[in-house]
Amino acid sequence: MTARNVAIFYMLVISLVHGVTYTIAKDVMNGYVQPSGFILIRIIGAGILFWLMGYTVPKEKIDRSDIPRLILAGLFGASLNMLFFYKGLNLTTPISASVIMVNAPILVMFLSAILLREKLVLRKVIGIVIGVTGAGVLIIMSKKAGQLGTNPGLGNFYVFLNAFFYGLYLIIVKKLMHKYNPFTLIKWMYLVGFFCLLPFGWEEALAIQWSTMPLSIALKVAFIILFTTFLNYSLVLKSIKVLSPTTVSVFIYLQPLLATVFSISVGKDSLDWIKIVSAILIFTGVYLVSFGTKKAA
């Protein structure tokens with residue numbers, strides 16, 4: 001297999017894991033672990049694994065000029081995006097969250113135009129407007145329609161912020177991937193993420209009642225740490241060495257389908273016209289942005 005095909009396979013694995021993560025994470029936060037505490041536990045668990053893996057690769061020193069970029073990658077990719085995703089998912093539904101996340105490729109394209117000065121043609125501008133409109137419909141109308149979730153409107157907005165920060169992370173980390181081993185980068189990113197999240201999640205992490213937690217929930221926490229975090233972040237960093245940030249973000253299209261099938265199959269969510277209309281708008285926007293012109297890798 002070529003390096004590109006291997007990277008595409010990695011992204012398919014990531015999509016599958018994330019597709020089931022929406023429902024699994026929702027179950028964990030259903031009275032057992034609060035969002036900020038959950039993220040801190042996730043950062044600590046996966047961070048230990050990344051630091052252990054860091055000892056298996058040649059030791060690298062981060063250039064002083066790259067430290068600000070590394071800190072920003074840790075801030076957006078290993079703290080803020082997780083914080084808003086789990087807080088949002090706790091308030092909304094798995095299907096709504098996965099639909100909102102489809103905006104990531106649109107946001108990557110928009111941010112690339114601003115930060116990397118990539119040219120935006122009219123077709124892509126229209127796609128950005130349509131996609132963000134779809135997200136807006138889901139954020140505004142979900143609360144009025146009384147969807148499942150304690151505050152789906154706010155939750156969907158938080159997930160949208162997560163997609164925005166994830167897009168920033170993909171753009172920021174791309175340059176670093178050409179200079180350093182993935183595990184060299186990610187161990188430092190997670191250390192940055194740990195210190196950023198510590199003030200938000202410390203009390204909630206200490207409040208976790210591990211002794212009374214059902215085994216099924218503990219296994220789901222382990223799944224999030226081992227697969228959603230450790231495996232997925234490792235594969236993303238390997239893939240982005242070969243694929244462009246926009247191409248990597250395109251694989252997020254699979255997540256709503258996988259999340260919907262899994263969530264409905266276990267009775268955790270349902271489809272309604274708001275989700276369907278929003279999904280159509282968002283996917284239309286994504287198509288115009290990502291498939292309108294030829295792009296690298």
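The values are calculated or read from the model by the stated rules, or taken from the named source; none is laboratory data. Predicted, not measured: the structure shown is a model, and the values here were computed from it. All Cβ positions, even for glycine, are placed from backbone atoms using ideal geometry, and neighbour counts span all protein chains on display. Areas reflect the complete protein model, heavy atoms only, side chains present, ligands, DNA and RNA absent. Shrake-Rupley method; radii C 1.70, N 1.55, O 1.52, S 1.80 Å.
Points to keep in mind about this one:
- Residues of the range 69-115 that are surrounded by fewer than 21 Cβ atoms within 10 Å (Cβ to Cβ) and touching a Lys or Arg at 6+ places or on another chain (Cβ under 9 Å): R69, A113.
- Any chance I106 is among the β-branched types (V, I, T) and more than 30 Å from L288 (Cα to Cα): no
- Residue match in the range 1-12 (condition: under 17 Å from F223 (Cα atoms) and either out of contact with any helix residue (DSSP H, G or I) (no Cβ under 8 Å at 6 or more places or on another chain) or open to solvent by 40 Å² or more (accessible area, probe 1.4 Å) (or both)): no
- Residue count for the range 116-130 under the criterion of being closer than 24 Å to K175 by Cβ and in contact with a helix residue (DSSP H, G or I) (Cβ under 6 Å, 6 or more places away or on another chain): the result is 4.
- Enumeration of residues in the range 271-291 that are modelled with pLDDT of 70 or more, surrounded by fewer than 19 Cβ atoms within 10 Å (Cβ to Cβ) and more than 12 Å from V102 (Cα to Cα): D272, W273, I276, V277
- Candidates in the range 152-174 are the residues that are in contact with a Lys or Arg (Cβ under 7 Å, 6 or more places away or on another chain) and either open to solvent by 30 Å² or more (accessible area, probe 1.4 Å) or at pLDDT 85 or above (or both); of these, the one that is farthest from K59 (Cα to Cα) is Y158.
- Options N103, N81, N90; residue that is under 18 Å from L197 (Cα atoms), polar (S, T, N, Q) and either at pLDDT below 90 or touching a Pro at 6+ places or on another chain (Cβ under 7 Å) (or both): N90
- Per-region count, the range 13-26, residues of a type in the set (F, W, Y) and open to solvent by 50 Å² or more (accessible area, probe 1.4 Å): 0
- Lone unmet requirement of (1) within 18 Å of the chain's Cα centre (by Cα); (2) modelled with pLDDT of 85 or more for T184: (1)
- Conditions (1) modelled with pLDDT under 85; (2) part of a helix (DSSP H, G or I); (3) charged (D, E, K, R); number of the one not met by K268: (2)
- Test: L49 is farther than 14 Å from F160 by Cβ, modelled with pLDDT of 90 or more and in a helix (DSSP H, G or I): yes
- Residues satisfying the stated conditions in the range 27-68, i.e. exposed (fewer than 15 other Cβ atoms within 10 Å of the Cβ) and either in contact with a Pro (Cβ under 7 Å, 6 or more places away or on another chain) or not β-branched (V, I, T) (or both): N30, G31, L52, Y55, P58, K59, E60, K61, D63, R64, S65, P68
- Which listed residue is out of contact with any Gly (no Cβ under 8 Å at 6 or more places or on another chain) and more than 20 Å from L215 (Cα to Cα), from I43, I62, I24: I62
- Any chance V236 is assigned to a helix (DSSP H, G or I), farther than 30 Å from N5 by Cα, open to solvent by less than 20 Å² (accessible area, probe 1.4 Å) and of a type in the set (A, V, I, L, M, F, W, C): no
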